[in-house]
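What follows is a single structure, written as structure tokens, with notes after it.
The values are calculated or read from the model by the stated rules, or taken from the named source; none is laboratory data. All values reported here derive from a predicted model rather than from experimental measurement. Glycine also receives a Cβ, built like all others from the backbone with ideal geometry; neighbour counts cover every protein chain displayed. Accessible surface areas use protein heavy atoms only, side chains included; no ligands, DNA or RNA. Shrake-Rupley method; radii C 1.70, N 1.55, O 1.52, S 1.80 Å.
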Amino acid sequence: MTPYYINANKLMTWKSFHKEFKTVFNFPDYYGENMNAWIDCMDELFDTPIVINIKNAGKLKEKSPDIYSAILECSAFVNYRKSEAGENPTILIAAH
């Protein structure tokens, strides 16, 4: 299982959220910087399980609850799509 580390302090706005995920996960240049594009990239890039370790997640939940919720909900949707396609879920979230 491959770990990825995200500092929630860098995710407080939608612009910074998309910039950080594009950098950490090496999203393609055509990444549309919206949650539909995020879902597509996370679904396409990973066939084996990954762990997204979110440092300072409590602060993100407090300051930007919409972004915090989007990470959880969209990760769950990626896993759902994988399951529906007969594949194993790939995204695990560790929020600390």
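Would you mind checking the tilt of helix 65-84 against the longest principal axis of the Cα atoms of the chain, expressed as 0 to 90 degrees and rounded to 10? Computed tilt is about 0 degrees. Taking only protein heavy atoms and a 1.4 Å probe, the accessible area of the chain is 51% carbon and sulfur.
Using a Gaussian network model of the chain in which every pair of alpha carbons under 10 angstrom is joined by a spring, one finds that among Pro28, Pro65, Pro49 the greatest mean-square fluctuation is at Pro28. Gain on full extension, evaluated as 0.36 nm per residue between Phe77 and Thr2 minus their Cα-Cα distance, stands at 25.0 nm. Neighbours of Lys15 by Cβ distance under 12 Å: Lys/Arg scored +1, Asp/Glu scored -1, total +1. Rounded to two decimals, the Cα-based Rg/Rh of region 55-96, with Kirkwood Rh, is 1.09. Heavy atoms of the protein chains alone define the surface here; on that basis the chain has 58 Å² accessible area per residue at 1.4 Å probe size.
For the Cα atoms of the chain, what angle does the longest principal axis make with the long axis of helix 14-25, in degrees from 0 to 90, nearest 10? Once rounded, one gets 50 degrees. The packing ranking of peptides 86-96, 1-11, highest mean first, is 1-11, 86-96, where packing means the average number of other beta carbon atoms within 10 angstrom of each residue.
Normalised by 2.2 N^0.38 Å, where N counts its residues, the alpha-carbon radius of gyration of region 1-82 equals 1.02.
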